[in-house]
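Accompanying notes for the structure given below.
The values are calculated or read from the model by the stated rules, or taken from the named source; none is laboratory data. Keep in mind it's a predicted model, so treat the numbers as computed, not measured. We place every Cβ from the backbone using ideal geometry, glycine too, and count neighbours over all the protein chains shown. With ligands, DNA and RNA removed, areas are computed over all heavy atoms of the protein, side chains included. Shrake-Rupley method; radii C 1.70, N 1.55, O 1.52, S 1.80 Å.
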Amino acid sequence: MSGQPTWIFDFDSTLVRVEALDELADIALAGRHDHAEVLGRIRDITNQGMEGAITIQESLQRRLQLLTLTPGMLPALVQRLESSFTPSVWRGRERLAAMRDRVWVVSGGCREWIAPTVERLGLRADHVVANWLRPGAGGAMELDPASPCAVDSGKADAIQALKLARPRVMVGDGMTDWRVRELGACERFVCFTEVVHRHAVAHKADAVADCLERALDGPH
């Protein structure tokens with residue numbers, strides 16, 4: 001492909017080496033006697049969703065039903081995420097910042113924690129497309145049903161709506177990232193394996209990269 005690519009990055013297990021909702025669950029469950037049990041269930045649901053065994057809608061709903069989230073938990077989560085950048089991403093932060101106008105972050109996570117975290121990389125908060133939370137019963141937070149990435153085709157639909165310059169390259173670790181390619185919202189999908197190698201996803205990818213440098217420098 002010719003021209004400068006538009007880069008579209010997943011967030012969890014790509015820009016950061018953790019799953020943010022799992023980290024938020026760890027914070028939300030602090031002090032509970034069933035902390036380990038519930039956290040284990042949440043991580044299992046996360047993996048099922050990332051590998052395509054269940055839909056992203058089901059993954060989000062099942063995890064959030066196990067938690068009571070409040071706004072006061074978010075600063076601690078952002079602090080964790082800022083100390084959990086994937087090594088090659090942190091190493092390449094100046095390169096990412098230099099191309100920030102061509103970089104987007106599209107995630108099934110929530111803007112409340114993704115936007116402030118990627119700003120630490122020099123990326124643009126207004127180039128984050130993600131779900132968002134709203135106040136629920138008793139002051140707890142819940143997923144806003146209008147969130148753009150809360151369905152399996154959500155990432156692809158959101159990217160198409162942006163009308164980004166081509167070629168568009170999606171970099172991520174999960175099945176919803178590959179779906180962006182399948183649904184025609186990008187011209188190339190790079191399976192990112194530095195954090196986790198999901199073989200079912202890698203098998204479908206145009207390329208596999210085990211670090212940011214290889215993702216950016218591969219043929220596009």
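A search for C-beta distances below 7 Å between a residue of the range 158-174 that is within 13 Å of ARG102 (Cα to Cα) and any residue that is open to solvent by 60 Å² or more (accessible area, probe 1.4 Å) and modelled with pLDDT of 95 or more, counting only pairs 6+ apart in sequence or on different chains, returns MET170/ARG181.
Considering each residue of the range 86-108, count those that are in a strand (DSSP E or B), open to solvent by 10 Å² or more (accessible area, probe 1.4 Å) and farther than 19 Å from GLN4 by Cα, and give that number.
Qualifying residue count for the region: 1.
In this structure, does GLY31 turn out to be more than 22 Å from GLU142 (Cα to Cα) and either touching a residue at least 40 places away in the same chain (Cβ under 8 Å) or outside any helix (DSSP H, G or I) (or both)? For GLY31, the condition - more than 22 Å from GLU142 (Cα to Cα) and either touching a residue at least 40 places away in the same chain (Cβ under 8 Å) or outside any helix (DSSP H, G or I) (or both) - is not met. Quick one: would you say LEU74 is under 18 Å from PHE11 (Cα atoms), among the hydrophobic types (A, V, I, L, M, F, W, C), more than 14 Å from the chain's Cα centre (by Cα) and open to solvent by less than 60 Å² (accessible area, probe 1.4 Å)? Answer is yes for this residue.
Scanning the range 142-164 for residues that are outside any loop (DSSP other than H, G, I, E, B) and open to solvent by 30 Å² or more (accessible area, probe 1.4 Å) yields GLU142, LEU143, ASP157, GLN160, ALA161, LEU162. Within the option set GLY40, GLY31, being open to solvent by 10 Å² or more (accessible area, probe 1.4 Å) and at positive phi holds for one residue only, GLY31.
Among the residues of the range 19-28, what is the count of those that are out of contact with any Gly (no Cβ under 8 Å at 6 or more places or on another chain) and open to solvent by less than 30 Å² (accessible area, probe 1.4 Å)? Adding up the residues that qualify gives 5. ARG124 fulfils the conditions (1) touching a strand residue (DSSP E or B) at 6+ places or on another chain (Cβ under 7 Å); (2) surrounded by fewer than 20 Cβ atoms within 10 Å (Cβ to Cβ); (3) among the basic types (Lys, Arg) except for a single criterion, (1).
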